[in-house]
Amino acid sequence: MPELVPMPKLGFDMAEGTLVRKVKKDGETINKGDVIAEIETDKATVEVESPASGVVKGWIVEEGQPVPVGAIMAVIGAADEQVDLAALKGGGSAAPATPAPAEPPTPAARTKAQNGGSMPAPKAPAAAPAAAPAAAPVEAAPAEAAPAAGNDAPASPIARKMATEAGVDIRQITGTGPGGRITKKDVEDYLAAPHPAAAPAAAPTGAPVSSPTVTRPAPAPVVVSRDDQEVPLTRMRQIIARRMTESKQTVPQFYINSEVDMEAAMNLRKQLNALVSEDRKLSVNDFIIKAAALALREFPNLNASFAGDKVVRKGHVNIGNAVAIEGGLLTVVVKDADAKSVAQIAAEMKAMVGRVRDGKVQGADIEGSTFSISNLGMFDAEHFIAIINPPEAAILATGTVRQVPVVKDGAIVPGQRLMITISADHRVTDGAEAAKFLQAVKRGLQEPLRLLL
């Protein structure tokens, strides 16, 4: 019996994705777990794994096509198996030829909380309006004029990142995605094509060989514009803006902070890291994830969501971790963090963050979060408050480990301290319970051998 490959749902309110690349073509052999396609959500380009082994019998949708969640993208079957692709393409279960993105409801109409996955942004026009020109030195126009969209030409996050790393002005790339959106494949095709720089004029035949004096023109003065500039929001920024607004408007949030003595944890981390190679070293965040996961076992109301007339306590402890990417945030998820060692957590986090940076995010990397951690310690942030990521009931904000003077046994001595702050949904939990949860997190970090048991 053929196996259908649907558009995966990578978030509570994700409505559609875009097929950006068919990794396996018609007739190719594929094994279960192999990457069959790359799709694009509002936040990332994600690799889709094959649910079965066999032969790709055919694709139902085309590259660049928006596909509703659950709609069939491809069919896998045995080599000699007959599949009626025409029926699948014309049937109700297949993706429509040109589906329109679902219009998101207004915040007032939405009382049910959402999670950290993507959701569709308002339908974009075929061509983005021209952005206000950025200040730049006056120079001759290039031979190939850039599109009017300027630096805010519609492009996926990974496409923009690849262009920046390659030193390519993304305005020079022609987008083949919906509405002229520039995809990862567009950047790859552009980089693969020859783009020779203008060669200097050849010297006349027989001209004497000499070292001419090169006169360099004076640099053009930098023009500083005092005009306001309107920068259109990217789809990711629109999603973040809408979701955070809805979180603050619909979730009654309260906050508690506490200070953690990190001396024992930092000493243990130093000892453990001296025993392993560079790629296996542990971060402070790995210890925080483990401590929070164990604390959630004790306080399941923090590992839950509000559902109208009931609270849903999650059976798994899946810790989401916010990762900064161009133009926003992407949450990667450590599944069953309470049952994994700190070393396992560290290895998974390194692998997932690496895939985020390489544009090779997998669906499992970003779905299923039940509790989130936002760590700004690497940016020297001492203390901050994070906004809950609905429908989760809480989020833990952590700053940097600081060396500060502390009083111990009546004497002032150097110490290492970390500020942690819990933001919690008052419909699900109360101040006393959230404070006890913080105490449990502190206990794990201040007695770090507990995290290794």
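The values are calculated or read from the model by the stated rules, or taken from the named source; none is laboratory data. All values derive from a computational prediction rather than experimental measurement. Neighbour counts are summed over all protein chains in view; Cβ atoms, including those assigned to glycine, are modelled from backbone coordinates with ideal geometry. Keep in mind that these areas ignore ligands, DNA and RNA; they rest on the heavy atoms of the full protein, side chains included. Shrake-Rupley method; radii C 1.70, N 1.55, O 1.52, S 1.80 Å.
Data overview
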{"item": "Reduced Cα scattering model of segment 229-386, Debye log10 I(q)/I(0), q = 0.13, 0.16, 0.17 Å⁻¹", "result": "-0.73, -1.10, -1.24"}
{"item": "Summed side-chain charge close to ARG450 - residues other than ARG450 whose Cβ falls under 15 Å, Lys, Arg +1, Asp, Glu -1", "result": "+1"}
{"item": "Shape box of segment 303-377 [Cα atoms, principal axes, largest first, Å]", "result": "42, 31, 27"}
{"item": "Gain in span if fully extended, VAL83 to HIS383, counting 0.36 nm per residue against the direct Cα distance", "result": "102.2 nm"}
{"item": "Among the listed pairs LYS32/LYS310; LYS185/LYS340; LYS161/LYS340; LYS281/LYS335, those beyond 28 Å (Cα-Cα)", "result": "LYS32/LYS310; LYS185/LYS340; LYS161/LYS340"}
{"item": "With every protein chain in place, segment 299-414: carbon and sulfur % of accessible area (1.4 Å)", "result": "57 percent"}
{"item": "Chymotrypsin sites (Phe, Trp or Tyr not before Pro) lying in DSSP loop within segment 361-428, provided at most 16 other Cβ fall within 10 Å", "result": "PHE384"}
{"item": "At most 14 other Cβ within 10 Å, DSSP loop - trypsin sites (Lys or Arg not before Pro), segment 303-385", "result": "LYS310"}
{"item": "Considering only segment 305-453, percent of DSSP beta bridges that pair antiparallel, nearest 5", "result": "75 percent"}
{"item": "Which of GLY368, ALA435, PHE379, positive extreme of dipole for segment 350-453 (C-beta unit charges)", "result": "PHE379"}
{"item": "Value of Rg/Rh across segment 313-453 [Cα atoms, Kirkwood radius]", "result": "0.99"}
{"item": "Sparse-neighbourhood loop sites, GluC sites (Glu not before Pro) in segment 242-346 - DSSP loop, at most 14 other Cβ within 10 angstrom", "result": "GLU326"}
